[in-house]
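> One structure is given below, represented as structure tokens, and several questions about it will come after.
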Amino acid sequence: MEEPDLGMAAEASEPRGVAGPQDRLTPKQWTRFEAYAAEMFSALGMDLSTPSTRATPRRFIRAMYDSTKGYDGDPKILTVFPTECRGGA
């Protein structure tokens with residue numbers, strides 16, 4: 001089986017100017033996850049050697065990171081609203 005061309009996924013390719021995964025992921029983990037995404041996309045038939053798809057694994061992992069980052073919450077913006085529901089059916 002041919003190894004996929006990982007393109008930018010083989011590099012530590014955190015976008016410049018964007019707060020990165022340093023708070024939860026090591027650079028080694030970031031690179032490894034990009035390689036996993038590249039392997040999946042390649043197995044599904046995506047050509048990762050084109051200019052428009054070369055950075056797709058990095059973008060995908062970044063999107064996954066961003067979409068799950070909110071689970072930790074920010075205690076500075078914690079707001080609790082009183083409930084309007086008092087129970088019952």
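The values are calculated or read from the model by the stated rules, or taken from the named source; none is laboratory data. Please read these numbers as outputs of a predicted model, since none were measured by experiment. Here Cβ is always computed from backbone atoms with ideal geometry, including for glycine, and neighbour counts include all displayed protein chains.
> Report yes if Y71 is modelled with pLDDT under 95 and surrounded by 14 or more Cβ atoms within 10 Å (Cβ to Cβ), otherwise no. Talk me through it step by step, then tell me what you get.
Details: modelled with pLDDT under 95: yes; surrounded by 14 or more Cβ atoms within 10 Å (Cβ to Cβ): no.
No: the conditions fail for Y71.
> Which numbered condition trips up F60, out of (1) among the aromatic types (F, W, Y); (2) modelled with pLDDT of 75 or more; (3) closer than 24 Å to R32 by Cβ; (4) loosely packed, with under 10 Cβ neighbours inside 10 Å?
(4)
> Let me ask another. From S42, S49, grab the single residue that is among the polar types (S, T, N, Q), in a helix (DSSP H, G or I) and at pLDDT 95 or above. Give the steps one after another, and end with the answer.
On the way: S49 fails: in a helix (DSSP H, G or I).
Result: S42 is the single residue among S42, S49 that is among the polar types (S, T, N, Q), in a helix (DSSP H, G or I) and at pLDDT 95 or above.
> Continuing with the same structure: Give all pairs with beta carbons closer than 6 Å in which a residue from the range 43-64 that is closer than 26 Å to R24 by Cβ meets a residue that is in a loop (DSSP other than H, G, I, E, B) and of a type in the set (D, E, K, R); count only pairs at least 6 apart in sequence or on separate chains.
Pairs that qualify, where the first residue is closer than 26 Å to R24 by Cβ and the partner is in a loop (DSSP other than H, G, I, E, B) and of a type in the set (D, E, K, R), are L48/D5.
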